[in-house]
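Here's the structure we're looking at; comments come further down.
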Amino acid sequence: MKSKIYNIDLDSKITPLMVRDAITECFWNAHCKDTGIAEDEKEANRSYCKSIVEKAFTDSHGDFNNPTKESIVGCLDILASFAKSFRDPSIIEKHYEEIMLLVSKL
């Protein structure tokens, strides 16, 4: 088993904000990081991915700035549904399971 997921040590205390940040990093890694974009566009893409995660929290009636375990799961469900349009289901499942491991430690 991995000892870290998105730089979160699985043996340390995990907070909802840490999981929220992991979701944002995960989404950026899966959708923007290695897409061949110019270096100066990467920050814009990181910001774009963060806005998608923020919207998923809003759409799930959660608060991006004050996430709860329930709102994190709702956000994940929305993002997984969104990603089905353009990502392989096995990749979505892998990332979903990684984040849910973090959620289980909340």
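The single residue among 79, 102 that is within 12 Å of residue 16 (Cα to Cα) and surrounded by 19 or more Cβ atoms within 10 Å (Cβ to Cβ) turns out to be 102. Each residue in the range 47-100 was checked for being within 13 Å of the chain's Cα centre (by Cα) and not in a helix (DSSP H, G or I), and 2 pass.
Step by step: first the residues of the range 1-46, then only those that are assigned to a loop (DSSP other than H, G, I, E, B) and crowded, with 16+ Cβ neighbours inside 10 Å, then the one that is modelled with the highest pLDDT. Which residue is that?
First, pick out the residues of the range 1-46 that are assigned to a loop (DSSP other than H, G, I, E, B): 1-3, 6-7, 10-15, 34-38.
Those left that are additionally crowded, with 16+ Cβ neighbours inside 10 Å: 6, 14.
Working: 6: 86, 14: 95.
Applying the filter and picking the extreme gives 14.
The values are calculated or read from the model by the stated rules, or taken from the named source; none is laboratory data. Given the structure is predicted, the values throughout are model-derived calculations rather than measurements. Note: ideal-geometry Cβ built from the backbone for every residue, glycine included; neighbour counts use all protein chains shown.
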